[in-house]
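Structure, as structure tokens:
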């Protein structure tokens, strides 16, 4: 039985086939099930618990910075979507259209929201009248739909869950500050909660969001060297304001347009957690986001006193605020080890008759299977300490991976060579022209990731055209 | 300015036009804005904050009883919706249909979920194999779409937000126990958190959910005597199990069908709060669900020391866990009084220079404007005590309203007379036949609300046909 189960749960080694390894984890850790609508997935309880933890942490950060949650409709009338030219061009080709309500054909078809800028704009145009009404700092948690051709669980699906913040401000300065504030919140969340190091930067014009003046991004590196765009924050200027007539009376009683932002983070971060921290045994979850931080596995549980002691320890650690599970099921200890390793539980506590005799138990960490023997009386102090240690070392390991897979290049040939030979990102200078950006993509297969805030001087000139370089850009293949 | 604002906020008196009173509150307390899709609304920050408080409380109850959250897709393929005959008949006429994805016509059209039984069934059929996999106790928080002809904010809209629980069990007994457990959780939540007294009972066959064997309900009475169905819990038997082939191997290794339930509570409860507790000044929110439990209004705030003292009190009460707002804006005290009365904030704290001299402040409760002068040093104890008192008296008042508007009738003429002359519910006996139920509805305009768990003996016979009575039924016009 134990062996059967083990077999069922075996996953493809990462080095053999990274894509299959990912799909195996997603299915076998019971994160996702496929639905009968192609490209639409079911988030199973364990995935949803991770998403709830993400929501709770981010939502608190949003509220602390003055944001309020709202709920906008699911549907956008076609005419509303079309109000801002760049925006509709970006999204119209990939939306789902509702044409009938009940048995009746609708007079105007409705798209299922791919993002809600247009809905927020319409609402703000109605409710913002005076400078006293500004800023409006709204956010919503919902799912959105984009009719993608190729889909992968968490990373790209036809329906995905996210939050989308939409704010309007009296001045450009305020709106720009908001855009950056939210990017830094995402970056801090990624690094300090998800233990995923990120590069913060600005997207090139080519890569920015449909309708935005500027798009800021945090870019993470997955275990295979590919990038995952993990959160974006957009500054719109007054483009939408003009298209939607979002005007207010300023302090001098003159009409002025609002300045606008939007920002979003989605369930794709769960894919990012898997591909940043996972290994051949399954997921590895950072303790700060893990639905179960500690699993207690009783050894020789049938022997007198073992379960009692395990329950006693569970109660004690729950009081310390540890999210834990005591697995007293009939499965073998070996099966349980594999199961919770697959699910990425950061810390395992083993306790058996001998341990009880010695007044101790064994703690095993998930990332390295490092064992620590701990006296039972010291658990309350030691478990939080070990969880912190795991959190820190997961970040350091991911940071090392990122740092050791970014390469500098001075010529297009060097860029090509790196793109072909080594997974990872390439840093190079750029003159700022679309032509050179397209040339790099064409020649190396790598689109630009971003113009990092932390600039370095690699060379004086653009490696494509030889003209004066304006920025250092990070390039890389992305999910 | 203050007067202008006041005028804008005036609402139609309840006795003059209850429907208009309701609509005025919904708009002027800034709960809802209309979107450009008819029947689809925007939940504004204050409404959403109430919904978040409802979610938090219910979600905790669900988790304490072993339920797990998931996220199902938004779309149901037409063929999947059609698998259970009664279910599709109930819902197909009122769903929104997606026919195109991007520029392509879909091979099969998809409906936007009106409820998700079919999706859960399809998933359970895949993941439930053995008795070890049972029960599955899932819930999801989402919005659903029903293409209603006539809509009213919160009460009936084309899109609304809710939770839907869907569970499968090994035995009928377990599933029936779950159905009732969830109904009682709803009832307890309504009474003890929302301060809305409810009648618990079972729906007649005519009124039950499409596809259910039994539907249980909690029915509340609004201020105008009409009913609001406030939460339902359904027992499905193995009807869907057979349609979707949800079978598992039991302990004897034989295939058996699962037994199933579903249960839901929605944003219409916000409408219920308004129509149960509201008055001519606006909403009255029960303290346990109020996003703001206490508003602090400084009097003569420009005078030295007033704002400082108000802030000091705010900090002190926040530490006690009171959800409060200190409104230090430039609006007049009178404007603020009206504003927070409109928004139903249960308790107001007024503090001015004289109060500070006397080391006290004035607390005013929202339901009766009862004033209590409280020494500042006693606020930490007194505020929670007053909030509790408000919670209790709101429930008692609503309970008195319910009790005094339920009338007993022995004949159809009495029922008609009551329906015509007095707003409220009518209790009468019933033989159990559909013909008599239809006759009552036809003659009195009242559909059956439910067969209450607490039965009374009013008569021996059915008032319509004179045959032996089986049940006492509560009848009433509903939202």
So, in Å, what gap is there between the alpha-carbon centers of the stretch B:448-479 and the stretch A:179-215? 63 Å
If you take all C-alpha pairs in the stretch B:169-237, what percent of them are over 21 Å apart? 27 percent
Kirkwood Rh (inverse of mean 1/r, distinct Cα pairs), the stretch B:87-158, angstrom: 14.9 Å
Hey, fewest Cβ within 10 Å first, where do B:113, B:268 land in order? B:268, B:113
extent check for the stretch A:323-465: Cα max minus min per principal axis, descending, whole Å, gives 74, 29, 23
Between residue A:453 and residue B:460, what FRET efficiency follows from the Cβ-Cβ distance if R0 is 60 Å, with the result rounded to 0.05? 0.10
Relative to the first principal axis of the alpha-carbon coordinates of chain B, what is the inclination of helix B:172-192, with its axis defined by its Cα atoms, in degrees from 0 to 90 and to the nearest 10? 20 degrees
State, as an integer percentage, the relative contact order of the stretch B:29-149 based on alpha-carbon contacts under 8 Å between residues 6 or more apart. 26 percent
At a 10 angstrom cut-off on C-beta neighbours, averaged per residue, how do the peptides B:127-133, A:159-165 rank from highest to lowest? A:159-165, B:127-133
Length gain on complete extension for the stretch residue A:369 to residue A:105, per 0.36 nm per residue less the alpha carbon to alpha carbon distance? 89.0 nm
Give me the distance in nm between label points sitting 7 Å out from Cα along the Cα-to-Cβ direction at residue A:433 and residue B:192, one decimal. 7.3 nm
Gap in Å between the Cα centre of the stretch A:30-55 and the Cα centre of the stretch B:378-396? 42 Å
Tilt relative to chain A, helix A:333-342 - C-alpha long axis, 0 to 90 degrees, to 10: 10 degrees
Which order do the peptides B:75-82, A:218-225, A:326-333, A:301-308 come out in when sorted by mean C-beta neighbours inside 10 angstrom, highest first? A:218-225, B:75-82, A:326-333, A:301-308
So what is the calculated 222 nm ellipticity per residue for the protein assembly as shown, using -39500 (n - 2.57) for each DSSP H run with n of 4 or more, over all residues, to the nearest 500 deg cm²/dmol? -11000 deg cm²/dmol
Label-to-label distance, nm, for residues given as residue A:442 and residue A:132 (7 Å Cα→Cβ offset): 5.8 nm
Whole-Å semi-axes of the stretch B:8-277's equivalent ellipsoid (Cα gyration tensor): 34, 23, 16
May I ask for the distance between the Cα centers of the stretch B:323-339 and the stretch B:103-158, given as a whole number of Å? 43 Å
Distances in nm, one decimal, shortest first, from residue B:329 to the same residue in every other copy, taking the label point 7 angstrom along Cα→Cβ. 5.4
What's the average, rounded to a whole number, of partner chain beta-carbon atoms within 10 Å of each residue's beta-carbon in A:44-52? 4
Got the residue B:433 label distances to the other copies yet, label 7 Å along Cα→Cβ, in nm, shortest first? 9.1
Kirkwood hydrodynamic radius (C-alpha pairs) into Stokes-Einstein, the stretch A:294-389, 4 °C and 1.567 mPa s, D in µm²/s: 98 µm²/s
Please work out the ratio of the alpha-carbon Rg of the stretch B:173-299 to 2.2 N^0.38 Å and round it to two decimals. 1.40
Given all pairs of different Cα atoms, what value in angstroms does the Kirkwood hydrodynamic radius of the stretch A:123-179 take? 13.7 Å
Quick check of the Kirkwood formula: for chain A, what is the inverse mean of 1/r over all pairs of different Cα atoms, in Å? 24.7 Å
Dividing the alpha-carbon Rg of the stretch A:113-245 by 2.2 N^0.38 Å yields what? 1.12
Measure nothing fancy, just the Cα-based angle from helix A:379-403's long axis to the longest principal axis of chain A, in degrees from 0 to 90, nearest 10. 50 degrees
Pairwise FRET efficiency - residue A:184 versus residue A:396, Cβ, R0 = 25 Å, nearest 0.05: 0.75
Against the rule of thumb 2.2 N^0.38 Å, how large the Cα Rg of the protein assembly as shown comes out: 1.01
Roughly how many nanometres apart are two label points built 7 Å out from the Cα toward the Cβ at residue B:60 and residue A:467? 6.1 nm
Evaluate E = 1/(1 + (r/R0)^6) for residue B:205 and residue A:150, where r is the Cβ-Cβ distance and R0 equals 45 Å; express this FRET efficiency to the nearest 0.05. 0.40
What percent do you get for the relative contact order of the stretch A:406-475 when only Cα pairs under 8 Å and 6+ apart count? 40 percent
Averaged over A:25-36, number of beta-carbon atoms from partner chains that fall within 10 Å: 3
Let me confirm one metric for peptide A:97-110, namely the mean number of other chain beta-carbon atoms within 10 Å of its residues' beta-carbons. 6
Value of relative contact order over chain A, rounded to a whole percent, pairs C-alpha under 8 Å and six or more apart: 13 percent
Label geometry 7 Å along the beta-carbon vector: residue B:89 inter-copy distances in nm: 5.3
Sorted by packing (mean other beta-carbon atoms within 10 Å per residue), highest first, where do B:436-445, A:95-104 land? A:95-104, B:436-445
Please state the Cα pair-distance histogram of the stretch A:381-451 with 10 angstrom bins from zero: what percent is in each bin? 18, 38, 18, 14, 10, 3
Hey, quick one: spin label on residue A:177, modelled 7 Å out along Cα-Cβ, who in the stretch A:123-161 has an amide N within reach, i.e. under 15 Å? A:134-137
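Values in this text are rule-based calculations from the coordinates and carry no lab data. Every value quoted in this text rests on a predicted model; they were computed, and no experiment measured them. Glycine also receives a Cβ, built like all others from the backbone with ideal geometry; neighbour counts cover every protein chain displayed.
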